[in-house]
């Protein structure tokens, strides 16, 4: 009777020998046949040749790892029932164990394994395979006895020939399927990273030999994680499939489209008439995103940011071209989502500088390199200072004084924005306490601090309460400013947190209002007290009647919601006069004062409010 077969897959010679010795030295080693493979690809060939009772599969292998090998094996209908036991020394955490079971594993063992445990686990499947073989043998024997020998021989010959033909066809189809799985993304059917690298390597050789133009487009979807988390992974997969179809329809027939993984796609364009053709195709892809996607019975709006690298000026190797296109894509996301950017050396230098800046941020808090500057907000009717906005400055040891816009994006990327935000809240409370106790006649005005969305997810109410109690200042000493465009990304979570803060007595302002496209219904649900009109609408007051109308509409809407209105970026007397006529409550900008250190702004506050009091006496 045929013996059951066990497949042992491990790329490490010593580990393979150790496990092989362990299995062949056991008392039941004569009950089965052991076959070994040293890679995922070799394992795929063996499962097409043999039927196995069980597969012992290593995870950490170069090229095709154990998880990917298991996924490919179980994707074939005839092989889906083969039990797989993962054996690994490098993936000993629960997440990888869970991943192993998700790939269909029946067990997940960490080396060094206990010989008796491994042998007992294998013996279960060996016995099952032996019974199947025995049943099959008995069935064939019974059939032989029930037929005439000559007829049986003829029928057997026909059946064997037919089976052989079917197996040949099935094996060919299985090999084609295995080949497709090795070079294609299983979700979208596009080429995968490995296949793209091979195509790109050949393409650069051809382009260099023929003197042809070549471009690489690196695409990354905007807001995909939020969509995936909100609608679920099945909806996310469906969205990726729709995106793949739209990209394929937008490019030339000769272009290669690949999915690297996640929401990252790449387009390889060879034999270009000009580099401008790459830009045209990229913008065509961007335009395909203008129509909403229909996912999970909902219309989903998203966009794509594209970086473009060119051969040979942006790189001559696969890694160089991919890196340059990736950097250009990242730059496109930073500049404006849904945009297209070419790579250039200046961009490369900028990314190196940004990386260094991210590292230096780790030391800035420890070395007390941050300082708050303050810009007054002035009552438009009385001229009195109604509050100040705290603006973060970094006394950088290498680059000098930096404004928040120069390093806050890096802080967001590195996760440093939360501790920096806590420092700002604490420093603002400390300054409020100093001004209140100075005895210099300074007014008790709120200090506005800017809040980033990650802070809302980091126990913001507790952070604020702790700072207020530490310095003994009332909640009216603080005002929170939250950018409208960031707020609407997670309106439910933000509303809950902001309502808790508002109930404590702290006022809340929506910053850069008019740029985030929030609806009136959203504004009604938020516990806000102030709207700050974005400076882009203030800049052309008196020159552009459209901006006058926008500001007037915002003021009227604020009145209907019982909100105060602050105009940002006021730089001229003419702008201030128009704002007063339109009914704006407060103004802020260089016309009154640029941001100043605490000592200088305190002097200015004392002079301004004393003069204003005299003039209104």
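Here, each number is a calculation from the coordinates, and none is a lab measurement. Note that the structure is predicted; figures quoted are calculated from it, not measured. Note that each Cβ is placed from the backbone with ideal geometry, even for glycine, and that neighbours are counted across all protein chains shown.
In segment 360-439, the ratio of gyration radius to Kirkwood radius, Rg to Rh, stands at 1.05 when only Cα atoms are counted. For the pair residue 95 and residue 590 in one chain, pulling the backbone fully straight at 0.36 nm per residue adds 172.8 nm over the alpha carbon distance.
With respect to the chain, whose longest principal axis is taken over its alpha-carbon atoms, helix 460-471 is tilted by about 40°.
In segment 355-615, what is the volume of the convex hull around the alpha carbon atoms, normalised per residue and reported in Å³?
On the way: hull volume 34.9 nm³, N = 261.
Each residue corresponds to 134 Å³ of Cα convex hull volume.
Packing order of peptides 470-483, 120-133, highest average first: 470-483, 120-133 (average count of other Cβ atoms within 10 Å over each peptide's residues). On the principal axes of its alpha carbon atoms, segment 193-343 extends 50, 30, 24 Å, with the longest extent given first.
Here the label points at residue 141 and residue 316, each 7 Å from Cα along the C-beta direction, are separated by 7.2 nm in the simple model. Let's test the formula: R0 of 35 Å, r as the Cβ-Cβ distance of residue 51 and residue 114. What FRET efficiency results, to the nearest 0.05? For R0 = 35 Å, the calculated efficiency reads 0.80. Angle between the Cα long axis of helix 233-250 and the longest principal axis of the chain, 0 to 90 degrees, nearest 10? The answer is roughly 90 degrees. The simple spin-label model puts a point 7 Å past each Cα toward its Cβ; for residue 209 and residue 167 those points are separated by 4.2 nm.
If one computes P(r) from the Cα atoms of segment 519-603, what percent of pairs lie at distances over 21 Å?
Within segment 519-603, distances greater than 21 Å cover 34 percent of Cα pairs.
So if the hydrodynamic radius of segment 114-234 is defined as the Kirkwood radius over C-alpha pairs, what does Stokes-Einstein give as its diffusion coefficient at 20 °C and 1.002 mPa s, in µm² per second? It comes out at roughly 100 µm²/s. Pairwise Cα separations in the chain fall into 10 Å bins from 0 onward with the following percentages, short to long: 3, 12, 17, 18, 16, 13, 9, 6, 4, 2, 1, 0, 0.
With r as the distance between the Cβ atoms of residue 283 and residue 500 and R0 = 41 Å, compute the FRET efficiency 1/(1 + (r/R0)^6) and round to 0.05. According to the calculation, E is roughly 0.35. Computed from the C-beta positions of residue 242 and residue 335 and an R0 of 35 Å, the FRET efficiency is 0.85 to the nearest 0.05. Approximating the spin labels as points 7 Å out from Cα along Cα→Cβ, the residue 379-to-residue 398 distance works out to 4.8 nm. Rg and Dmax, both from the Cα atoms of segment 8-109 and both in Å, are 12.9, 36. The gain in end-to-end length when the residue 75 to residue 463 segment is fully stretched comes to 134.6 nm, 0.36 nm per residue minus the alpha carbon separation.
Subtracting the Cα-Cα distance from 0.36 nm times the residue separation, let me have the gained length for residue 297 to residue 2 in nm, one decimal.
100.8 nm
Peptide packing for 558-568, 215-225, 309-319 was compared via the average number of neighbouring C-beta atoms within 10 Å per residue; ordered from the highest value, the list is 215-225, 558-568, 309-319.
Okay, helix-only estimate at 222 nm for the chain: each DSSP H run of n ≥ 4 adds -39500 (n - 2.57), divide by all residues, round to 500 deg cm²/dmol; what do you get?
-16500 deg cm²/dmol
Against the chain, whose longest principal axis comes from its Cα atoms, helix 13-24 is set at around 50 degrees.
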